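Chemist: One structure coming up, written as structure tokens, with questions to follow.
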Amino acid sequence: QMPYCDFYTPEWKPASEIGVGDFLVTPVPDSVDRSYAPSEDDLFYKEPLELTDDLLSLCGWFIAEGWTDRGKVRFGLHAEEYEHSDEIRGLLRRVFNSKSAVYFAKDSRSRVVESRKKVGTVLKRWFGGRAAAKSMPEWIFLLPPDKLKWVIRAMWRGDGCKVDSGGYESLSYTTASPSLAMQLWMCLTKFGIISYL
């Protein structure tokens, strides 16, 4: 039985048979808490990486704005998003003890460039290198809301926006990755947020 819906019995239906009066039941993924990222023998860190707020925020920024180029990790931001570039540089320094630089491209977009290639290798392995191939690894997807919020917050600051839809505001997230869109939709259910694709 469904709470507050005693008069409904859940059943599987083909999409072509769904009509007015039907409700969609959305599963909420399980949460599996962990304190460290998975350890891998070929990573350049001898100690496991602790899942701090900073590391999880950096993961969210990479999902939204990052890619790798010749092994280096880069973040594409608008030229006026100074606070974002400062935040990302601070995260790179605190999480990976890594120096970074900002340069301005011809298309007036600033780029935060990370100089250590191995950082790019780690982030690409976890999330994919290009926008259309991005996805969350299972260990991120299954994090509980108190940790997952840092990933989603940074993702939203990178690729989210408010949309005025005929007199009411909604929040929208844009991605070229169907896998990431589905994962984000399911992650939001952990916060009681029902969204649509």
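The values are calculated or read from the model by the stated rules, or taken from the named source; none is laboratory data. As the structure is a computational prediction, the values presented were derived from the model and not from experiment. Heads up, the Cβs are rebuilt from the backbone with ideal geometry, glycines too, and the neighbour counts pull from every protein chain shown. Heavy atoms of the whole protein, side chains included, go into the accessibility calculation; ligands, DNA and RNA do not. Shrake-Rupley method; radii C 1.70, N 1.55, O 1.52, S 1.80 Å.
Chemist: Return the pairs, sorted by first residue and then second, in which the second residue is polar (S, T, N, Q) and assigned to a helix (DSSP H, G or I), the first residue lies in the stretch 124-152 and is on the phi < 0 side of the Ramachandran plot, the beta carbons are less than 8 Å apart, and the residues are 6+ apart or on different chains.
Modeler: Filtered contacts from the stretch 124-152: K134/S179; S135/S179; S135/Q183; M136/Q183; F141/Q183; W150/S57; V151/S57.
Chemist: Does L184 fit the bill of being buried (at least 18 other Cβ atoms within 10 Å of the Cβ) and closer than 21 Å to S35 by Cα?
Modeler: No: the conditions fail for L184.
Chemist: What's the total number of residues in the stretch 48-104 that are of a type in the set (A, V, I, L, M), modelled with pLDDT under 85 and assigned to a strand (DSSP E or B)?
Modeler: Looking only at that region, the number is 3.
Chemist: Within the stretch 138-157, identify whether any single residue is among the aliphatic types (A, V, I, L, M), part of a helix (DSSP H, G or I), in contact with a Ser or Thr (Cβ under 7 Å, 6 or more places away or on another chain) and open to solvent by 40 Å² or more (accessible area, probe 1.4 Å), and answer yes or no.
Modeler: Checking the stretch 138-157: not a single residue is among the aliphatic types (A, V, I, L, M), part of a helix (DSSP H, G or I), in contact with a Ser or Thr (Cβ under 7 Å, 6 or more places away or on another chain) and open to solvent by 40 Å² or more (accessible area, probe 1.4 Å).
Chemist: Which pairs have Cβ atoms under 9 Å, sit 6 or more apart or on different chains, and link a residue in the stretch 16-34 that is within 30 Å of P48 (Cβ to Cβ) to one that is open to solvent by 80 Å² or more (accessible area, probe 1.4 Å)?
Modeler: V32/E138; D33/D146
Chemist: Considering only residues that are touching a helix residue (DSSP H, G or I) at 6+ places or on another chain (Cβ under 8 Å) and modelled with pLDDT of 90 or more, which ones fall in the stretch 168-178? Quick ask: steps written out before the conclusion?
Modeler: Quick first cut of the stretch 168-178, residues touching a helix residue (DSSP H, G or I) at 6+ places or on another chain (Cβ under 8 Å) only: 171, 173-177.
Listed by number, the residues that qualify are Y173, T174, T175, A176, S177.
Chemist: Considering only residues that are surrounded by 14 or more Cβ atoms within 10 Å (Cβ to Cβ) and without any contact (Cβ under 8 Å) to a residue 60 or more places away in the chain, which ones fall in the stretch 78-92?
Modeler: Answer for the stretch 78-92, where residues must be surrounded by 14 or more Cβ atoms within 10 Å (Cβ to Cβ) and without any contact (Cβ under 8 Å) to a residue 60 or more places away in the chain: A79, E81, S85, E87, I88, R89, G90, L91, L92.
Chemist: Does V122 satisfy the condition of being open to solvent by 20 Å² or more (accessible area, probe 1.4 Å) and of a type outside the set (D, E, K, R)? Explain how you work it out, then say what you get.
Modeler: On the way: open to solvent by 20 Å² or more (accessible area, probe 1.4 Å): no; of a type outside the set (D, E, K, R): yes.
Spelling it out, it is not the case that V122 is open to solvent by 20 Å² or more (accessible area, probe 1.4 Å) and of a type outside the set (D, E, K, R).
Chemist: Starting from the stretch 163-180, keep only residues that are part of a strand (DSSP E or B), then list their pairs with residues that are open to solvent by 90 Å² or more (accessible area, probe 1.4 Å) whose Cβ atoms are within a distance under 9 Å, requiring at least 6 positions of separation or different chains.
Modeler: From the stretch 163-180, the pairs are V163/E169; V163/L171; E169/K162; S170/K162; S170/D164; L171/K162; S172/K162.
Chemist: On to the next question. Out of the stretch 158-181, which residues are open to solvent by 50 Å² or more (accessible area, probe 1.4 Å) and acidic (D, E)?
Modeler: Within the stretch 158-181, D164, E169 qualify.
Chemist: For K162, which of the numbered conditions (1) farther than 18 Å from G90 by Cβ; (2) within 10 Å of the chain's Cα centre (by Cα) fails to hold?
Modeler: Of (1) farther than 18 Å from G90 by Cβ; (2) within 10 Å of the chain's Cα centre (by Cα), only one is false for K162: (2).
Chemist: Would you be able to tell me the number of residues in the stretch 93-119 that are touching a Gly at 6+ places or on another chain (Cβ under 7 Å) and either open to solvent by 10 Å² or more (accessible area, probe 1.4 Å) or touching a residue at least 60 places away in the same chain (Cβ under 8 Å) (or both)? So that I can check it myself, show each step before the final result.
Modeler: In the first step, residues of the stretch 93-119 are kept if they are touching a Gly at 6+ places or on another chain (Cβ under 7 Å); the result is 109, 111, 114, 117.
Those left that are additionally either open to solvent by 10 Å² or more (accessible area, probe 1.4 Å) or touching a residue at least 60 places away in the same chain (Cβ under 8 Å) (or both): 109, 111, 117.
Total meeting the criteria: 3.
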